[in-house]
Structure formats: C-alpha cells, structure tokens
C-alpha cells in the first residue's frame, strides 16, 4: 500500500521527513536523545541557528562510547612538548552540518574549565583547540561531542578537502584578481581607445601580463590534468578546455606581437580560466561536503591482547596475528582470524559474516570465524588457526581499485575534439590557400578552437550536479562521486542485503511506554544492566531509556555493582540492599509458579527483581520506512529487485513477504562469494548493490553501482558511490528520479551547446568572429545553460 507524503512529519531535531509510529516526533532514538541533551543543557539556540535546514539524522552512534585512546596520547604529547602554559592542538571533527553545529561545539568547549579558544573549519572538518596545560579534560570534551553526534578524531595529514577544493579556492582568488585587471586594461580598447593613444601600448602589455598570470595560476591546472589523462590514454573534458585555452593564449600573443588586434583574446583567457575553475570548485566542494558526513575511522578489527608466555598482556595489531598464537578479544571488538575458543563459552554476533543479528553462544573448543564480534561483557580467549593474511576477513577488507570508465563520455569527447580540429583546420586552410589571407586563416583557426570550448558545459554541469546533490541531501542521501550518474544509466537490477539494509540495524522496542511507567529503582537497574551490554536487544533498550528518561535521573554505579553474565541466558547484578536484578530470557531466574505468557513471534526479554517479574519487553525486526513504496517504485520502472542475505531462510522469507518480493527473487544463507557470484552471473555490469556489512564486500566489488546505509559498523562507506542516513528508503527511488531529471536537463544543455557552437563556428569560418563578440557570446551561453539547469533541477 502506497504511503502518502502527507503522512510523513519532520523530525523535531534533524528535520528529516519520516513516518511516525504512534506518537513519535523524532525520526530515531538518537535524535530524541540529542534533543533532550540540548534542552537540558540550555543549548536551544542550536535550533534557531539551524533554522529549517534538514541535517543528517543522528542515528545510533551517539549511544556508543567514544574511542579516546589516541586522544589521551595526543594531549599528553602536546602538553609534554609545549614550553608554555598555553597548549594548541589540531584535530578532525566529524558530523558538522550547519552553522548551528559550529556554534554548539564552540559553546560546549567554552563551558569546559581550562578552555582558551577554539577555531572550527567546517569545510574540511578541522578543529583547533587552545587550552591551559593540565587544566582541560579533552576526554570529557570528546565524550560530550560524541553524545551530541560529533566525533573528535585525529587530524589527517592529507585532508581531502584541503587537497582539492581549498587549493582550487586559492587559484580562484588569484584568477579573479587577474581577470579584473585584465578586463580593466582591455575594456578601453573595446570602448574606442585608439591604437595610437599614448597609454594603449601599456594597456596591452598589462592585459597580456595579467592574462599570462591567469594562465600560470589557473590554466596550468587544466593543462596538467589533460596531460595526465592523455598519458593514461584517456580523454577528459579538461583536454578541450586546455586546447581552447592554449589556442586563445598563443593566438593572442601572435596578435599582440604582430599588431593584429583581431587575434587578441587575453580577456577571454582570463574569463574562461576563472569560470572553469569556479565550476570545478563547485563540483569538488559538493562532493567533499557529502563525504564530510562519513566516519573516517577504520571499522575493521583493531588490536588484540596476547595470552601466555613472555608476551602475556601485550597488545598487538590485528594484522600481526600469527597461527597458533593465543589472544583475547575485548567486548565489542571483532575477531580478526579463524580461531578456536579457549573459554568455557562466549556470546558472539555473526552479523558481519552472515547478516544474522541475533547473537549465538559458542562453546569451548569450537571454531570462531573471522569477523565474529564479541558481544559478551568480558574478553574472549582464542587460539589462532591461521594468520591475518590467510583470513577471509582480510580478503573482504581489501578494496580493489575501481577501474570504471565512462566509455560513452570518451566517445562523445573523441568525436567532439575530432570535429572541432577538423573544422578549424579546414577553415584555416581554406582562408590561407583559397583567399591568400594568412592572418585571417590564423584568426579562423584560433577562433574556432576558442568558441568551441565547453565553457557553458564547464559551468552548467557542475551547477546541475549541485542541484541534484542538494535535492538528495534533503532526503538524507549523499553522493560520493559524480561517476554515479553514468553508473546509474546501466542499472537494471537492484540487489538488497537484508539485515541493517532492508531492516533496521537493531530490533525496535514495541512497548517503549512501559519504561516510563517503571519505578525509579527499576529504571536505574534496567539501565545498569544494558549500559555496557552489546546484545541487540540490550542496545535497543539502552537507546529507548536514554531517549525517554532525562540523563540526570539515571545513576551510573557500574563499578560499585559489577554486572555478571550467564552466556545465552542474560545478565544480572546485586544492589547494595541485596536485591538481585536480572534481565534475560523469559523463564530465566523466574520464581513464580507460572511465568507470564510470552509472545512467541517476537524476541522478548524480562526484567526481574529477586526472581519476581517486573516488566516484559517486546521487540520487532522492522523493515525500514517506505521500503514497500521503494520496492514498488522500482518494479513500476521495470527494475528487477532481489534480496541476497546470509540470514536464515525463515527470516528472509518474512521480510520478502512484507515487501511483496517473490520467493524466486530471494536468496538466503548466502556467503560473500555466493552474493558476488549471483551478481556476476545474473546482472553483470547492471546491478546496484545496497549492503552494509563485510559479507557484502565482494558483491560491492562486482556491482557497477553501490550504496550503503550509514550504521555503526559499516565497512562499505569508503567504497560506496553513495550513502544514506535515517530509517527510510524513500531516498533510493528519488535517486533514480533525480538521475532521470538530470539526464533530460543535461541533454537539453548539450543541445543548446551544439546549437551555440554551430552558430559561433559558422561566424568563425566566415571570418566574422571578433574578440569582443566572443567575450559577449561566452557569458551569454553560460547564463542560458545555467538557467536551463535551474529550471530543470533547481526549482
């Protein structure tokens, strides 16, 4: 059944449209939690500064502990190496979306004792802190940011934003200055200044000088890129740009030196360089802005602790593990290699391997596969059966180079360049040989190359891409590469993983109001039992508690009353009054003669005090919002839709049935190789793969286009073509709708560019083109194509 647009409401925190379940006013528990923290902390001005702008949903990451090991070492080194009491250090920060974010981070920092000053660069996600030595707690500051959806991280030595758009912005600034000066000394000639006027030679020299500086500062960018592409035997749009620039500059030098003003295009050179750089900067900035929302941490296995012998207790990287080594994996960490369990039993999640979210219990002596996540409360002891290099996980984490090439663009550019060079050569030769006018011949040759430069395309296409990006960002989808538009042209099959992709990452608590009705001591006991618990049901309970109960009302006494775990059953602790609190399976620790009936269709867990039933919680593995509508939209547009999942058959069938996907288009218990093989066999160069885990990695490599939801443990963000936030899938059909609108608009822009070129080249071949006319036609064509882009995509 189709969902009406008017049924959706905007999230009170992030502004994302979503379908409320009951009386929901937030799109996710994370947004509810952050909103509560902002109100409690007196930071409501954030919403005034954010305004109506929609920002990415917070999600579940705010409920995870920040990794501050690196931060402690960084601060220690900065304070030890400083000779003054004022300490300065630079970091990266992830999650900045608007001016409200900048204000909020600054306000939090200034509230901390010992803070001196803060400078934030939202464009590249950089932050520079100044504080008093031994007077500022950077770990506490990092944890506060984490709770609000921002992540402090090490500053990257080569930040992508600083390497692309920032360098281009420097060039644009210089070329803008050179353009103004070039026009200043060229315009008098157009306005009637005679060639024998005493300042005319000086003005020509200065015009040539500033145009030359513009070529050096800005033109060199396109020449270098065109040369690099040619060396790799690839045609790039920078080649015709470089060709036109070179012709205009060389022709202008010839005209200046010989006194033939009809060849002088110095103003064109400066203007063209500036506009092309501006268009290129817009492309780079839009992509970098999208990528800035990604978590740059390595999501794979990090460190393990060696056990036994002289190395007992020493931490080593996962890549250093050798066969037969004994080691332990901390709670929440990933087992890097296939290993034998040394402990009596362990609670493990295999979602990275087969997509099944429900943890399994493994007994002593059993093989724990690489990629299993320790979701128990204690470290798990293992003995490696293989080295890291032999591990399946190591192979899945390897990202092969993407050799996708836009062959259609190659053919268009090849034809375009060949036609332009042919016309220029024939036109110039005709004037030289038939009319015996060598200067006119040079003028015709140069002017054809100049007016056929893709100036309008160089400005209009980046603007069209920005309009597309803007529409998709509002829906929570972010493009990582402009190659995606050509990739989407080839897609005929949509392939979904199930867990975390078609369904939400963790089960949803279906009776959340029961938490608010519990006595204070029961709420605190429940919170204590789930606070550090990694089980999916415990994570769901923790998120619900934090989003509904003010943090000031929750007690954190974990160290006083340690939590114990009975693997496969539940967790428990004893409070200061001697009461035993348990959370686990319905029958576990029950003292009633008859336990309360449980819903056998949904996962359940029960909170007990001294064996007496306090509350029962029901959960459901929800499909994402708008999933049915998204699947129906794909079918209506003749896309094949398939589910490839490592989960159990009954779970996959249930989701497929809810989404009206025929059983013939579902595959369960798939290994990573099975998924990749299915795509290679059934949809070669035609599949869009939507996945989130390590078991989707090989399928990603095989598919022509890839997308991933942003979740806590995704390894696929780096290799995806796009990623999306929130719990809705409505952004996926929108992506194809936007791509279709872009194709129509770009086709119209190309048609106008062809019409312009035919008219302009005809004037050139007739010898009627003049630098002033070219200077007028170029911006006019750019304005027209920009208007077309706005009418087609920007409204």
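So that you can scan it fast, the table gives a plain yes or no per residue for (1) over 18 Å from residue 706 (Cα atoms); (2) over 29 Å from the mean Cα position of the chain (by Cα); (3) in a helix (DSSP H, G or I):
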| residue | (1), (2), (3) |
| --- | --- |
| 638 | yes, no, no |
| 643 | no, no, no |
| 652 | yes, no, yes |
| 656 | yes, no, yes |
| 664 | yes, yes, yes |
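Residues that are surrounded by 21 or more Cβ atoms within 10 Å (Cβ to Cβ) and touching a strand residue (DSSP E or B) at 6+ places or on another chain (Cβ under 8 Å) number at least 3 in the following helices (runs of 4 or more DSSP H) confined to segment 464-549: 520-530, 536-548.
Would you check if residue 127 is crowded, with 20+ Cβ neighbours inside 10 Å and outside any strand (DSSP E or B)? In short, no. Yes or no: segment 733-750 includes at least one residue that is part of a helix (DSSP H, G or I), buried (at least 17 other Cβ atoms within 10 Å of the Cβ) and over 29 Å from the mean Cα position of the chain (by Cα). Within segment 733-750, one or more residues are part of a helix (DSSP H, G or I), buried (at least 17 other Cβ atoms within 10 Å of the Cβ) and over 29 Å from the mean Cα position of the chain (by Cα). (1) at pLDDT below 90; (2) more than 30 Å from residue 19 (Cα to Cα); (3) under 44 Å from the mean Cα position of the chain (by Cα): which one isn't true of residue 623, the others all being true? With (1) at pLDDT below 90; (2) more than 30 Å from residue 19 (Cα to Cα); (3) under 44 Å from the mean Cα position of the chain (by Cα) applied to residue 623, the lone miss is (2).
Residues that are closer than 30 Å to residue 548 by Cβ, in contact (Cβ under 8 Å) with a residue 60 or more places away in the chain and within 20 Å of the chain's Cα centre (by Cα) occur in segment 122-145; there is at least one. Among helices (runs of 4 or more DSSP H) entirely within segment 165-248, having at least 2 residues that are within 18 Å of residue 266 (Cβ to Cβ) and over 41 Å from the mean Cα position of the chain (by Cα) singles out 165-190, 200-214.
The set of residues in segment 91-117 that are without any contact (Cβ under 8 Å) to a residue 60 or more places away in the chain, touching a strand residue (DSSP E or B) at 6+ places or on another chain (Cβ under 7 Å) and surrounded by 18 or more Cβ atoms within 10 Å (Cβ to Cβ) comprises 102, 105, 109, 115. Picking from residues in segment 1-48 that are part of a helix (DSSP H, G or I) and modelled with pLDDT under 85, the one that is surrounded by the fewest Cβ atoms within 10 Å (Cβ to Cβ) is 6. When we screen 372, 394, 324 for residues that are at pLDDT below 85 and either surrounded by fewer than 19 Cβ atoms within 10 Å (Cβ to Cβ) or within 19 Å of residue 716 (Cβ to Cβ) (or both), the only hit is 394. For segment 330-380, give me each residue that is more than 35 Å from the chain's Cα centre (by Cα) and in a loop (DSSP other than H, G, I, E, B). Residues satisfying the conditions are 342, 343, 344, 364, 365, 366. When segment 49-83 is filtered for residues that are in contact (Cβ under 8 Å) with a residue 40 or more places away in the chain and in a helix (DSSP H, G or I), the ones remaining, listed by number, are 49, 50, 61, 62, 63, 70, 71, 72, 74, 75, 79. Scanning segment 780-795 for residues that are buried (at least 18 other Cβ atoms within 10 Å of the Cβ) and not in a helix (DSSP H, G or I) gives no hits.
Screening segment 757-779 for residues that are over 15 Å from residue 264 (Cα atoms) and out of contact with any helix residue (DSSP H, G or I) (no Cβ under 9 Å at 6 or more places or on another chain) and picking the one that is surrounded by the most Cβ atoms within 10 Å (Cβ to Cβ) gives 762. Scanning segment 235-251 for residues that are touching a helix residue (DSSP H, G or I) at 6+ places or on another chain (Cβ under 7 Å) and farther than 18 Å from residue 458 by Cα yields a total of 2.
The values are calculated or read from the model by the stated rules, or taken from the named source; none is laboratory data. These figures come from a predicted structure and were not determined experimentally. Because the Cβ atoms are built from the backbone with ideal geometry, glycine has one as well, and the counts that use them run over all protein chains shown.
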